[in-house]
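Derivation of every value follows stated rules applied to the coordinates shown; laboratory data play no part. Owing to the predicted nature of the structure, the values given are computational and were not obtained by experimental measurement. Heads up, the Cβs are rebuilt from the backbone with ideal geometry, glycines too, and the neighbour counts pull from every protein chain shown.
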There are 4 protein chains.
Amino acid sequence: MSKEKKKNSILLASLEIFTKQGFYKTTISQIAKHIGISVGNVYNYFPSKESLAKASIVFVTEKLATILHNINAQDIPAKEKVACFVEEYLEFLQKHPEMIEYFFRIYLANREVFYQSDDSGFSLAESFIKELEKLVTDGIASKEFANQDFYISFACISGILGGITFLHGEKVLQADLAQYKKNLAHAICKSLS
Amino acid sequence: MSKEKKKNSILLASLEIFTKQGFYKTTISQIAKHIGISVGNVYNYFPSKESLAKASIVFVTEKLATILHNINAQDIPAKEKVACFVEEYLEFLQKHPEMIEYFFRIYLANREVFYQSDDSGFSLAESFIKELEKLVTDGIASKEFANQDFYISFACISGILGGITFLHGEKVLQADLAQYKKNLAHAICKSLS
Amino acid sequence: MSKEKKKNSILLASLEIFTKQGFYKTTISQIAKHIGISVGNVYNYFPSKESLAKASIVFVTEKLATILHNINAQDIPAKEKVACFVEEYLEFLQKHPEMIEYFFRIYLANREVFYQSDDSGFSLAESFIKELEKLVTDGIASKEFANQDFYISFACISGILGGITFLHGEKVLQADLAQYKKNLAHAICKSLS
Amino acid sequence: MSKEKKKNSILLASLEIFTKQGFYKTTISQIAKHIGISVGNVYNYFPSKESLAKASIVFVTEKLATILHNINAQDIPAKEKVACFVEEYLEFLQKHPEMIEYFFRIYLANREVFYQSDDSGFSLAESFIKELEKLVTDGIASKEFANQDFYISFACISGILGGITFLHGEKVLQADLAQYKKNLAHAICKSLS
DNA sequence: CATGAATGAGTGTTCATTCAT
DNA sequence: GATGAATGAACACTCATTCAT
């Protein structure tokens, strides 16, 4: 296996196990065992457990950022962009719940892991937030969305998606995720207007 | 100090330190020191660290449930109830950020701490969710809100509030919390309609 | 309850719980609860956990010593004395297994509890050993027993009784204890001859 | 040092310190220090303190079982087998008092450590008991010993040896252990006849 | 690159003992 | 005498990280 591939497999394993068990309950040994390598070898690719957690969040946010970037690149109304993003988000959540849940459970919650004195941990999600900002700004420009503080919009979009993600993780949703697509997109757009 | 009062002071200290440092990085010794008692004495009031975390979440959700319960009891339109709740929520967040953040950071994130095999950890927040459900149901009855899956509404209300709470915790909000009151209430009502 | 009676009830409770759970796994709190008094009050009667254990062994050995003393006082052959002692010992074991087992499990095993630098822990059983010595000496005088080192005789008598006590505690003996009376007395006498 | 050898050295250190100080007064740290390794490394070889105690007892009983097995294999009268066993037992006790005393002090006394719900702790000594049973059965077959309940015979053999072991541990025996060989063998054979 | 034995600081929890009431 | 809250030292066990092979 190439160096890059092995690094990636370590990342994916971490992501999965961190999400399932939490950051602190996950041991390096478990991650190593999950992909059949030795504990010491994990350290050849990542210098610490913390760095694994950070690399994981960058990995996830870049996936989300890419999705949103491609949508933003299209020449369609902002409301449609929201609908597209909700759709792709739900598909992603369906396919890789561990990645999305990692974002909401591990990253947003374990502040002490991701934050350094000199650097807001928030910055790890920068690429995604940039795209979100673009989406909102475009919508405001086209008068589709109300011209309000970006943070309100941010709270609406990521809050509502976070809420549904949480419920999905709790396994309380009776219907298939895709069923919620339309209503969620509608709710988000309304909240932004 | 009465027994009940001491138990409460331990709870409040836990809440604060858990929120600041995370569940796992917080030691019983720190909690004990914070209120000037011995480690062993903490265990005279709570049988384990985990039980402290659980008692904390019950404490917070009951506070929130009480606030919402009183609002629900009033004879006003559902939209006004939402506005009232947002106002009181923001005041509460301003005054006791550790309690609200505890709810979003510690409870929602450290699944492995709160969940037992036989019992959804979700149930610890039951009293609050019940009130939220009442608010939404009433609004649907009065045609103020759209008749949609409660989970969507749940995601909207707690998601948007969670989002702003997160941003507040990140200290990125430039304006005073109260400034966001109107816009947030508006966004939530819109999202429910 | 008189002071003496309460002291005794504490002693008996200790004996029972020490035997059932071992010295270290028994807490003062358990002993106190067992007789319905407070932890602090136990310390009004015994200055330490260790002193409780020591008082217990003195209590038991004095019971055994009394039994043997009365037998020694009779004008019967030594072999009959052995038979009598075995009989009464088995009856005692039947009735108060916790006392006898205390002697063999707790006292003989937890050396570190009973021994002080200046004093052999062995001395706590002195009264009983004295009587045993008398029994053997008398038997040698009457030519019933061989004139051998007392320690050999001691090993035979208390060893064989200890062995059957152990097996009784293990609950592997199918027959009633009394059934073993004759054979045990016979074995002991033979071993002494 | 090979893995197996290190495991063994941990075992021997445990045996010695458990015997000297008792199970509960012995700390893993002491065991580790005694052989110059770290606390954590002990746990690479034994998963718990309890498992160390159990492995120790298996180790000792297998030593005793082997001794007795070799004697049983010889074509000599049962009485001579007893004499051989007593001799080798005393030699072993002389050479490795910690092992034999471990058997009598730690194993027989700390029931709560060795017993599981589903399994008599007694079973840890199975291999030795099997050999003892063979010795007795053979002696009965050759009419050297009386045909009595095996448990009586068990109490006699292990009781008498346990008694002398106890006295040896108390350091009350004036003569050399070997001096008691003949008398002990004689006493045991008599008690079995 | 890969291994996994070794390290040792760190933490939840227990419990004998004390003492103010 | 009686209570039981308070103390704090002690200890089993964990696990991120290192490094010799």
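At a glance:
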| item | result |
| --- | --- |
| Degrees, to the nearest 10: D:150-170 long Cα axis against longest axis of chain D | 60 degrees |
| Sites A:GLU62 and B:VAL58 - FRET efficiency at Förster radius 41 Å, r taken between beta-carbons, to 0.05 | 0.60 |
| Shielding score for C:19-29, defined as the mean number of other chain Cβ atoms within 10 Å | 3 |
| Stokes-Einstein D for the protein assembly as shown, Kirkwood Rh over Cα pairs, 20 °C, 1.002 mPa s (µm²/s) | 66 µm²/s |
| With Cα atoms, 0 to 90° folded angle of helix B:181-192 axis to chain B main axis | 70 degrees |
| Calculated on alpha-carbon atoms, Rg and Dmax of segment A:52-129 in Å | 13.7, 41 |
| Cα-based helix-to-principal-axis angle, B:126-141 vs chain B, degrees rounded to 10 | 0 degrees |
| Relative exposure of A:GLU112, C:GLU101, D:GLU16, judged by other C-beta atoms within 10 Å (fewest first) | A:GLU112, D:GLU16, C:GLU101 |
| Percent of C-alpha pairs per 5 Å bin, segment B:50-192, short to long | 2, 10, 19, 22, 20, 15, 9, 3, 0 |
| Approximate spin-label separation D:ASN41-D:SER142, in nm, with each point projected 7 Å along Cα-to-Cβ | 5.0 nm |
| Modelled FRET efficiency - R0 60 Å, A:ALA73 with B:SER2, Cβ distances, 0.05 increments | 0.40 |
| Assigned charges on the beta-carbon of Lys, Arg, Asp, Glu; the protein assembly as shown dipole about Cα centre (debye) | 700 debye |
| When segment C:28-84 is reduced to its Cα atoms, the Kirkwood hydrodynamic radius in Å | 13.9 Å |
| 10 Å Cβ neighbours from other chains, averaged over peptide D:102-111 | 5 |
| Under-25-angstrom lysine pairs by C-alpha in segment A:12-140, whenever the two are 8 or more apart or on separate chains | 29 |
| Size of charge dipole - chain A - debye, nearest 20, with Cβ of Lys, Arg +1 and Asp, Glu -1, no other charges | 600 debye |
| Segment B:4-108: proportion of alpha-carbon pairs further apart than 24 angstrom, % | 31 percent |
| Farthest positive-ward along chain A dipole, Cα basis, beta-carbon charges - from A:ILE71, A:TYR89, A:ILE152 | A:TYR89 |
| Cα centroid separation, segment D:143-183 to segment A:1-55 (Å) | 60 Å |
| Point-charge dipole on Cβ atoms (K/R +1, D/E -1) for segment B:124-193, about Cα centre, debye to 20 | 220 debye |
| Neighbouring partner chain Cβ atoms per residue of C:143-156, average, 10 Å criterion | 5 |
